[in-house]
Each structure stands twice: as C-alpha cells, then as structure tokens.
Amino acid sequence: MTGHNPGMNVTGHTRRSVSIRDVATAAGVSYQTVSRVINDHPSVKPSTRERVLAAIDELGFRRNSTALALASGRSRTVTVLTSNTTHYGYASVLQGIEEAARAASYTVGIGVLESADEADEAAVAAQVQRSADAGGGLIVIAYDPAGVRALGAVPADLPVVGVVETPASPPGDDRPWVWADDRLAAYEATRHLLSLGHETVHYVAIPSSTRRTSARTTGWQQALKEAGAPRPRPLQGSWGPAGGHAAGLKLAGNPDVTAILCGNDDLALGVVRALHETGRAIPGDVSVAGFDDAPHSAYLTPSLTTVRLDFTGLGRSAFALLHGVLEESAPIAPHPVSVPELVVRESSGPPPERG
C-alpha cells in the first residue's frame, strides 16, 4: 500500500509538531518575543515581527488554542445557539460565523435549542447556562420563538450577539444585534410585482420569531398600502416546501390570484408545484417570487425571481461584533448588515389579459 501520512516523516517515524521554541530558534529571538508576536503585542519592532511571522510560515507553526486561552485568561471559543441547522438562512449564518471564527483562531460549538413552544423558561435558561459554561461568548440565532427566548435568558455579564429579524424600531446599544433588512427586501419584491401590472400580491408567510407580524409581512403590507392595492390576508406557511404546496393549492383555486410572494424560496418551491398540478402557468397565469436566493432558486423551471440576503455575511458580522468584545478592541452596537438585492428571473411577468 502506498501513500503519504502528513504525520510521518520519510523514515516512517512520527514527526514532532513545531513548537514556539522552534520558531524562536529559527527567527533568532526569544520564545517570549514569539509569544508577543502571536498575541499582537505592540512592543515588538516591525522588523522583528516580520522575521517571526516568516519563521511561523516556513515552519508551519500552529497555535495551541488551549495554551493560548490559559496564557491570556480568555477562552477562544464561541458557542452558537440555534433551533435549526438545516434551513438555508440558519445554515448560511452558521457558515459565516464558522468562517470568521476560524480566521481568528476561534473554535465554534453549536447548541441546538428545544424548539417546542411549551419549553418553560427554566429549561431555556438551563440550555443557555450549559453553553455559557463552555466559556467564551455566545451568538444566538433568534429567527424563531425558541431563539428569542434563549436570547432573553442570557445572563447580563455574558458576551452575546443576537442574529435577529429586522427590529420594529432601532434597538439601544445595550442590545448587540445584527440583522438583514428583510422588511425592505419584502417591500422591494412586492413593488416589483406590482410594477408588472398586478392588481395586488398575495403572500405566503414564514413563521415569525415574535408570533406577531414579521418584518417580511410588514414590508409586503407597506408596499401594497403605498400603491393603494387591495391587501389580502396572508396565508401562514411553514419553513419548507410542504407548507408552500398547501398554501399554493388554496391560492390556485382563485382566478383573481395573479401574483404570489413567498416568505422563503422553499415555500416558493411548494407553491410552484401546486400551481403546476392545477394547470396554472408560471408566469403566464401567476407570477411567483421567493425570498433568500437559495442555491436551487436559479435552477427551477421556471427560474425563481427572489430577493438575495447575504446570510453568510451576516454570520461573519455577528462574529466580528462578538470578537470585538471578547478581545476588548471594539465597542458593541446593534446594526443592520448589507442591503437586499432583488434578483429578477423567469417566474415573474405581467398578469394575464382579462378577456
């Protein structure tokens, strides 16, 4: 059997990992100087810093995160609390957090929240405390009631950032939240459909984190109100295609329905299937728009008009905000992240002519 084991040298013996003293010898400095470079201490001369960094690159030295935490008094760990790890928005936020954390030599743990509405405050607090016990800081994805409860249960002295729906009003600086402006995104998508000549736009909603009107629903309603268009009652969907399919079957039976906005692209997938099953052409009879620009959206037949939100960038921003607190290098403040982008594809067009 042939092959190369990166942990073995050419003689078959296990290769010793590179230590901080090896770097010091190669750079011609003390190991204390190497430690100062690693921790970005300002007292190191630029020329010395460059020599040490070159030795680190040449030797392939990797910092031991446990030793670093003990030396600095800080845990280079972040725990993400979320009730879901598979839906597109959640998964993309997690991806962004992990990418940013890895670049900063932090490790990421994931705590899956109990999503049942009946979960009592004590159970939620216990989940939060278990995550707090791991050290470091917390990021809570609060796109649903479970996440909102967990965010509210975080002790005041624990560094935390919340990834939330667009707030109804600007939060105070004591609420370290980040969000994508999904209210604006829904507003722009609705305006696009109205601009094509549709008298109104029906809406299939995702669940709201607050159990009240979500930011996406508010944006849709605002666009209809400004246009003087009828405001139909939104249909409550779920997160997945099955909820969209059920809602689509209800809407397909109404010939007055010519445009449908869906709270995410998975709902739109189910709506498109329901319209196909009932013989209503897209976009000839009904225009459909989704939300999030999930990877499959461009490959549906017809390809899906949607609104792109940078969830991965949102995750990176959430970590950057928390990192600033953990490293005591930046103030913490709530802020929106990125501007939504309308992506017009084949599934939207003018309404059918009335005979």
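Miscellaneous remarks
- Only one entry of 217, 166, 200, 213 meets the criterion of being touching a Phe, Trp or Tyr at 6+ places or on another chain (Cβ under 6 Å) and of a type outside the set (D, E, K, R), and that entry is 166.
- Filtered by the rule that a residue be out of contact with any Gly (no Cβ under 8 Å at 6 or more places or on another chain) and of a type in the set (Lys, Arg), segment 212-250 gives 212, 225, 231, 233, 250.
- Lone qualifier among 112, 154, 93, 108 - being in contact with a strand residue (DSSP E or B) (Cβ under 9 Å, 6 or more places away or on another chain), at pLDDT below 90 and under 19 Å from residue 176 (Cβ atoms): 154
- The listed residues are 183, 212, and the only one of them that is of a type in the set (Lys, Arg), on the phi < 0 side of the Ramachandran plot and at pLDDT below 85 turns out to be 212.
- Of all residues making up segment 38-72, the number that are at pLDDT below 80 and under 30 Å from residue 108 (Cβ atoms): 17
- Test result for residue 307, at pLDDT below 90 and surrounded by 18 or more Cβ atoms within 10 Å (Cβ to Cβ): no
- Residues located in segment 248-266, provided they are closer than 21 Å to residue 295 by Cα, at pLDDT 95 or above and out of contact with any His (no Cβ under 8 Å at 6 or more places or on another chain): 262
- Residue in segment 286-299 that is more than 30 Å from residue 104 (Cα to Cα), modelled with pLDDT of 90 or more and out of contact with any strand residue (DSSP E or B) (no Cβ under 9 Å at 6 or more places or on another chain) present: yes
- When each of 281, 259, 268, 289 is tested for being small (Gly, Ala, Ser) and surrounded by fewer than 24 Cβ atoms within 10 Å (Cβ to Cβ), the lone residue that passes is 281.
- Number of positions in segment 233-247 that are within 20 Å of residue 293 (Cβ to Cβ), small (Gly, Ala, Ser) and surrounded by 20 or more Cβ atoms within 10 Å (Cβ to Cβ): 3
The values are calculated or read from the model by the stated rules, or taken from the named source; none is laboratory data. Small disclaimer: the values here were computed from a predicted structure and weren't measured. Don't worry about glycine lacking a Cβ; one is built from the backbone with ideal geometry, like all the others, and counts go over all protein chains shown.
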